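Data block below; observations after.
The values are calculated or read from the model by the stated rules, or taken from the named source; none is laboratory data. Just so it is clear, the model here is predicted, and its values are computed rather than measured. Cβ coordinates were reconstructed from backbone atoms using ideal geometry, including for glycine residues, and neighbour counts include every protein chain displayed. SASA here: full protein model, heavy atoms, side chains in, ligands and nucleic acids out. Shrake-Rupley method; radii C 1.70, N 1.55, O 1.52, S 1.80 Å.
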Amino acid sequence: MAHIEKHKRVQAIAKKVLDQIGETLSPSDSERTIADRACRMLAELGVNETWYYDCMAYVLAGPRTCLSISGKDYVPAEDEIGPTSLVTIDLSPSLNGTWGDHARSFFIEDGMATHHPRSPEFKRGREVLTRLHGSVLLCAKPDMTFERLWSITSSQLQSMKFESLDFLGNFGHTIESELSARSYIESGNRRLLGDTELFTFEPHIKSLDGTWGFKYEEIYYFNEDGNAWIL
């Protein structure tokens, strides 16, 4: 439990930054300015390191929200996001070697981020992400395999006419101390969810006939009763 508490601390910092950064977004922002601001906000809260290559804040905006590449190849764009856009921010902070991992989608309408977008595609993307995470809370169990959770999520996306954008074809990974040690929510992974202490669920998705790539990530663990909880 002490190990989980350390992760809760750094994850709480990541969540605080994403809770606050939305109100700072403006049409003149770019991926570069947003990423720089997120890193400054993390630093102000005591976090100056990342576990994900050199990519503490992975920001995508507009059509680039459909882009999926490794953080080691990511370069933030300089174009202004404009008054109507989608922005995804994925933070990978590390505090004394302890990982956090949190991502959200920000809906930009009339030049401001809103929790209640008018755009039908924005509303649908938010709804599907919420349903997918709700399913993890309801169905994920320690004796379920990573592959089974992948299969359930894939079936849900298909039924809702969405597709996964992840370049590796997975929906999340274990929280480790080394990048190479990660195990993924992917086809063929027969490892049990309960064999790891913490795992992320981070669908990166798009409507089959849509324009935007939506992302939302949380870290999960199992309580003493074997139920999935958000860290």
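Things to note:
- Between E127 and M160, the modelled label-to-label distance comes to 1.0 nm, taking each label 7 Å out from Cα in the direction of the beta carbon.
- At most 16 other Cβ within 10 Å, DSSP loop - GluC sites (Glu not before Pro), the range 143-212: E176, E178, E197
- Of all complete DSSP H helices in the chain, those with a Cα span along the helix axis of 27 Å or greater and a mean Kyte-Doolittle hydropathy of -1.0 or more are 2-21, 120-139.
- Rolling a 1.4 Å probe over the heavy atoms of the protein chains gives the chain an accessible area of 46 Å² per residue.
- When each of K15/K215; K16/K123; K16/K161 is checked by Cα-Cα distance, pairs over 25 Å: K16/K161
- At R0 = 45 Å, FRET efficiency that the Cβ-Cβ distance of A43 and D110 yields, to 0.05: 0.90
- Accessible area of the chain belonging to carbon and sulfur atoms, whole % at 1.4 Å probe: 49
- If R0 is 25 Å, the Cβ-Cβ spacing of T24 and R190 corresponds to a FRET efficiency of close to 0.05.
- Gain in span if fully extended, A77 to L208, counting 0.36 nm per residue against the direct Cα distance: 44.7 nm
- Sequence-distant aspartates and glutamates (8 or more away, or on other chains) whose Cα lies within less than 17 Å of K72: E31, D36, E49, D54, D90, D101, D166, E178
- Structure-based [θ]222 nm, the chain - -39500 (n - 2.57) summed over DSSP H runs of at least 4, per residue, nearest 500: -10000 deg cm²/dmol
- Sequence-distant contacts, meaning Cα pairs under 8 Å at least 6 residues apart, place the relative contact order of the chain at 20 percent.
- Net +/- balance of residues flanking E109 in space, Cβ distance below 15 Å, scoring K and R +1, D and E -1: 0
- Computed across the range 1-62, the Kirkwood radius stands at 12.6 Å (inverse of mean 1/r, all Cα pairs).
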